[in-house]
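Notes follow once the structure below has been shown.
The values are calculated or read from the model by the stated rules, or taken from the named source; none is laboratory data. What you see is a predicted model, and the numbers here were worked out from it, not measured in a lab. Positions of Cβ are generated from backbone atoms using ideal geometry, with glycine treated the same way; all protein chains shown enter the neighbour counts. Heavy atoms of the whole protein, side chains included, go into the accessibility calculation; ligands, DNA and RNA do not. Shrake-Rupley method; radii C 1.70, N 1.55, O 1.52, S 1.80 Å.
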Amino acid sequence: METIIYISRHSEPMKLNFCNSKDNLQLQNEKQILSPEGERRARILSEIEELQDIDIVISSNYVRTISTAKYIADKNNKALNIVDDFGERKFGINSWDELPRNFGDKQLEDENYKMSNGESRKEVTQRMLNALNNVLEQYRGKKIAIVSHGTAMSFLFMNWCEIKTDFDDKYSRKFYFNDKEVFDGKYFAPELFKLEFEDNELIDIKNIKVNYEV
């Protein structure tokens with residue numbers, strides 16, 4: 001039985017300064033809201049043809065994903081389901097100054113690399129995959145929309161896709177599924193993908209481009 005999952009990165013967030021905040025970095029990250037432009041884009045996303053007649057709408061527990069997914073839920077007259085495991089990678093640090101400059105490269109090169117209290121790529125991939133499999137089991141045959149996060153989504157896609165780097169640009173990482181390029185690795189906010197499953201097997205993945213200049 002075929003199940004269709006649309007998974008999107010959240011819309012554009014607002015830049016915030018948490019002056020004298022008692023929240024740790026993880027809570028600050030979770031509380032980040034959408035910018036006015038992000039709200040506009042999220043509304044446009046919810047209105048595209050692909051996201052009509054959605055059966056289930058799911059978001060991570062971050063404010064910016066909930067604020068993006070609310071438009072899809074409202075457009076389809078559905079409740080918004082919160083699943084924490086679709087959240088972004090946890091860095092496990094108290095200040096951005098603690099993050100090594102080459103952290104991103106190291107985590108891509110070594111799936112077990114992480115900060116002492118953070119998550120490795122392997123851990124994020126498994127968390128995302130477990131959450132997705134639970135959705136596939138619970139809502140088999142349905143049309144589902146999930147709003148998540150760019151890094152977590154990339155780690156999930158790496159479960160199925162081959163990553164290729166341009167010879168002239170080491171920061172350009174393209175995703176290939178069944179020898180076909182499906183994503184150039186350059187995330188917009190939001191960025192939408194369509195995943196088609198036969199039971200629990202991914203049979204196709206497409207990057208759906210949305211015109212936000214309207």
Given Cβ charges of +1 for Lys and Arg and -1 for Asp and Glu, the option among 19, 65, 100 whose Cα lies farthest towards the positive end of the dipole of segment 1-105 is 19
Within straight cross-link reach of residue 106, meaning Cα distance under 20 Å, which lysines are found once same-chain residues fewer than 8 apart are removed?
90, 114, 122, 164, 170, 174, 186
Could you list the square roots of 5 times each eigenvalue of the Cα gyration tensor of segment 49-161, that is, the equivalent ellipsoid semi-axes, sorted largest first and rounded to whole Å?
29, 16, 11
Cα centroid distance between segment 29-67 and segment 148-214, in Å?
19 Å
Please give the charge dipole size of segment 44-128, origin at the Cα centre, charges +1 on K and R Cβ atoms and -1 on D and E Cβ atoms. Round to the nearest 20 debye.
260 debye
Averaged per residue, the 1.4 Å probe accessible area of the chain, protein heavy atoms only, in Å², is roughly 53 Å²
Ignoring ligands, DNA and RNA, how do 8, 116 rank by accessible area with a 1.4 Å probe, largest first?
116, 8
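For every helix of n ≥ 4 consecutive DSSP H residues, a contribution of -39,500 (n - 2.57) applies; sum these over the chain, divide by its total residues, and give [θ] at 222 nm rounded to the nearest 500 deg cm²/dmol.
-9000 deg cm²/dmol
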Between 126, 77, 46, whose Cα lies farthest towards the positive end of the dipole of segment 23-153 when Lys and Arg beta carbons carry +1 and Asp and Glu beta carbons carry -1, centred on the Cα centre?
77
Only Lys, Arg, Asp and Glu count, each charged at its Cβ (+1, +1, -1, -1), so figure out the dipole size of the chain about its Cα centre, rounded to 20 debye.
620 debye
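Taking the convex hull of the alpha carbon atoms in the chain, what volume per residue do you get, in Å³?
Working: hull volume 28.4 nm³, N = 214.
So the per-residue Cα hull volume is 133 Å³.
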Could you please state how large a percent of the accessible area of segment 50-105 is carbon and sulfur, counting protein chains only and using a 1.4 Å probe?
42 percent
Count neighbours as other Cβ atoms within 10 Å of each site's Cβ, and list the trypsin sites (Lys or Arg not before Pro) in segment 1-60 that are DSSP loop with at most 11 such neighbours.
15, 22
Charges on Cβ only, +1 for Lys and Arg, -1 for Asp and Glu, centred on the Cα centroid of segment 83-214; of 115, 172, 144, which one is farthest towards the dipole's positive end?
144
Tell me the accessible surface of residue 155 in square angstrom (1.4 angstrom probe, heavy atoms of protein chains only), to the nearest ten.
10 Å²
